[in-house]
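Asks: One structure follows; several queries about it will come next.
Readers should treat all values here as calculations from the given coordinates under stated rules, not as data from a laboratory. No experiment lies behind these values; they were computed from the predicted model shown. Cβ placement follows ideal geometry from the backbone for every residue including glycine, while neighbour counts extend to all protein chains displayed.
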Amino acid sequence: MENAHFSQKYLNELALDAIMKSMKYRIIIAQDEDGMFVVECPSLPGCVSQGKTRAEAVKNIKDAIAGYVESLQKHGEPVPPSIEEEVVEIRA
């Protein structure tokens, strides 16, 4: 049986993919005066995106967050931790 050999780049990409699958960041979505949805990630300064629809804006910020985190890792910068939160429901 042959040993599988993988490049370090490939292994790094796999590790990043595993990290990104488990990371959660809070985002804020607002609709501007032109009807565009603007979304930002407060944990990642300057990480902002937009879209014509809410779904497009969320897709775009996910891509922006992934690129932001990848850049932090590439430059040896600390990556803000994933959030953990729960939502509780009460009677009002």
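Asks: Of all residues in the range 54-77, how many are surrounded by 12 or more Cβ atoms within 10 Å (Cβ to Cβ) and either within 25 Å of residue 35 (Cα to Cα) or basic (Lys, Arg) (or both)?
Replies: 10
Asks: Quick one: residue 63 ticks every box in (1) more than 11 Å from the chain's Cα centre (by Cα); (2) among the charged types (D, E, K, R); (3) within 27 Å of residue 9 (Cα to Cα) except a single one, so which number is it?
Replies: Just one mismatch for residue 63, condition (1).
Asks: Now, a different point. Does residue 51 fit the bill of being surrounded by fewer than 10 Cβ atoms within 10 Å (Cβ to Cβ) and of a type outside the set (Asp, Glu)?
Replies: No.
Asks: If you don't mind, there's one more thing I want to ask. Residue under question is residue 80, and the condition is that it be without any contact (Cβ under 8 Å) to a residue 40 or more places away in the chain, surrounded by 10 or more Cβ atoms within 10 Å (Cβ to Cβ) and of a type outside the set (D, E, K, R); does it hold?
Replies: Judged against the criteria, residue 80 is not a match.
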